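For reference, the structure discussed in these notes is given below.
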Amino acid sequence: MDRKVVDNKLYGTKSKVESLNLVFLGYMNADCTYLTKQAGEQLRLRTDDQYAWHITGDMDTTVSDTSCAYDRFVVLL
């Protein structure tokens with residue numbers, strides 16, 4: 001899925017649910033060749049201070065020789 005589509009879907013979720021407690025987690029392909037650092041910095045989920053990323057780009061969530069954080073854990077504060 002295109003990163004802009006994912007960003008729009010996740011960011012738009014908070015306006016569609018009544019709960020203030022939102023957690024986005026899973027395998028998002030959100031690092032390395034799938035999502036560059038520059039592209040990641042443009043995501044609204046990154047630029048909006050209401051969201052905290054508990055798995056950051058400097059972490060490794062793979063079991064391979066790469067050092068990428070494809071999995072993410074994002075919380076609405």
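Here, each number is a calculation from the coordinates, and none is a lab measurement. Note that the structure is predicted; figures quoted are calculated from it, not measured. Virtual Cβ from ideal backbone geometry, glycine too; neighbours counted across all protein chains shown.
Does LEU35 satisfy being touching a Leu at 6+ places or on another chain (Cβ under 7 Å) and aliphatic (A, V, I, L, M)?
No; evaluated as a whole, the condition is false for this residue.
Just checking: which of the strands (runs of 3 or more DSSP E) contained wholly in the chain hold 3 or more residues that are in contact with a Gly (Cβ under 7 Å, 6 or more places away or on another chain) and loosely packed, with under 14 Cβ neighbours inside 10 Å?
Those strands (runs of 3 or more DSSP E) do not exist here; none qualify.
Give all pairs with beta carbons closer than 7 Å in which a residue from segment 5-22 that is touching a residue at least 12 places away in the same chain (Cβ under 8 Å) meets a residue that is part of a helix (DSSP H, G or I); count only pairs at least 6 apart in sequence or on separate chains.
ASP7/ARG44; ASP7/LEU45; LEU10/LEU45; TYR11/ARG44; TYR11/LEU45; LEU22/THR13
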